[in-house]
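All remarks here apply to the structure that follows.
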Amino acid sequence: MICKNCKKNISQKSEFCKYCGNKIKKDKLSIISKIFIFPYIFVMFVIFILMFVFPFVNQNNNSLTKEKFINYMKNNKCNLVNVLDKEKYDGVDFYYVTNKPCPYLASYTIFENPKMQNAFYNSLVNDVKNNSNTRNSREINMLNYFEVSTYGENFKLAASKNNEVFYISVKNQNTDKAVKVAKEFGFYFEESPIGNKLTYIFIIMLVLILMISWWKINIKMGRKGWICLIPIYNILCLSKDVFGSYKYFIIYLIPLFNIYSIHITCYNLGKVFKKSENYLIGLVLCFPLFVSMLAFDDSKYIIEKK
């Protein structure tokens, strides 16, 4: 931290400058900055709920059992083959596959070995993704539920949860029938239209707040606010304002290293405004919240000329 009176470096915890005796006034958050804290926390919490909780509310969580699978298939006139009668698999407790005259190929497997379950599921994923003439596909990875499906010459779906793996393949004209079966067994994920729309709205709000914050920060650094809206040029200016030279722009062009450089930029952004170490860490770990606070607080832009 720099003493505003004698311009010498002093400890962040100092209450008085040891060189000139000046009382150190800590930068305080403005009223606007304080107001930003709670909306941001609320917005992030809501986005988290919408993106991670809403989908599971709409998922059919019916529990599937061995008996239910066997009885359901028999009631729908599907013959079943117990694969374990022909070949034993270590770590597999149950493995049934449908046979003709069933209109679809379906299998239900229960595992005792998680590694074998992952390997088996991945092999099914490859089969699903290699669907001929694929026109549409989706992949869902959430907590303990994984699902991949494709529409092509066939509809194919593979899903895994807990210690179970479900697979179904059917001719395209019978897709609805296969989806119905998957839903019945709790293996077809249905997204929430309302949840998606609300998520988009909140994300747009978040982007707008970030744009306003960057506009304000550019003004605090002595530039025109609209610079933040111009691709590439805004990064050039940021590298100059944060690192003291335009040449640092090159670090954003190096693959993989540019991810690290983003964190370094956030850290140095706080340093040029003489923020505390805790604040710098906040900028790195929770950038949207702290950058909005930075935009509207009383801090001054100071950078040593090189």
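Coordinate-derived values only; no laboratory data. Note that the coordinates shown come from a computational prediction; the quantities given were computed from them, not determined experimentally. All Cβ positions, glycine included, derive from the backbone under ideal geometry; neighbour counts span all protein chains shown.
Tabulated results
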quantity: Cβ-placed point charges (K, R +1; D, E -1), dipole of the range 66-190 about Cα centre in debye, nearest 20; calculated: 400
quantity: Relative packing of peptides 144-156, 120-132 - highest average C-beta neighbours within 10 Å first; calculated: 144-156, 120-132
quantity: Where the Cα pairs of the range 88-137 fall when distances are cut into 10 Å bins, in %; calculated: 21, 41, 32, 6
quantity: Footprinting exposure proxy for 137, 63 (fewest neighbouring C-beta atoms within 10 Å first); calculated: 63, 137
quantity: Length gained when the stretch residue 136-residue 5 is fully extended (0.36 nm per residue, less Cα-Cα span); calculated: 40.6 nm
quantity: Exceeding the 23 Å Cα-Cα cut-off - candidates 88/171; 88/180; 240/300; 220/240; 74/129; 156/180; calculated: 88/171; 88/180; 74/129
quantity: FRET efficiency for residue 72 and residue 171, using Cβ-Cβ distance with R0 set to 25 Å, rounded to 0.05; calculated: 0.80
quantity: Extension gain from residue 259 to residue 200, taking 0.36 nm per residue of separation minus the Cα-Cα distance; calculated: 18.8 nm
quantity: Residue 99/residue 144 FRET efficiency (R0 30 Å; Cβ-Cβ; nearest 0.05); calculated: 0.50
quantity: Contour minus Cα-Cα distance for residue 211 and residue 247 (0.36 nm per residue); calculated: 10.5 nm
quantity: Rule-of-thumb Rg ratio for the range 66-190 [Cα; 2.2 N^0.38 Å; N residues]; calculated: 1.00
quantity: Cα pair distances in the range 211-271, grouped into 5 Å bins until the bin that holds the longest one, percent each; calculated: 4, 19, 28, 29, 15, 4, 0
quantity: Residue-count net charge about residue 148 - beta-carbon cut-off 10 Å; Lys, Arg +1, Asp, Glu -1; calculated: 0
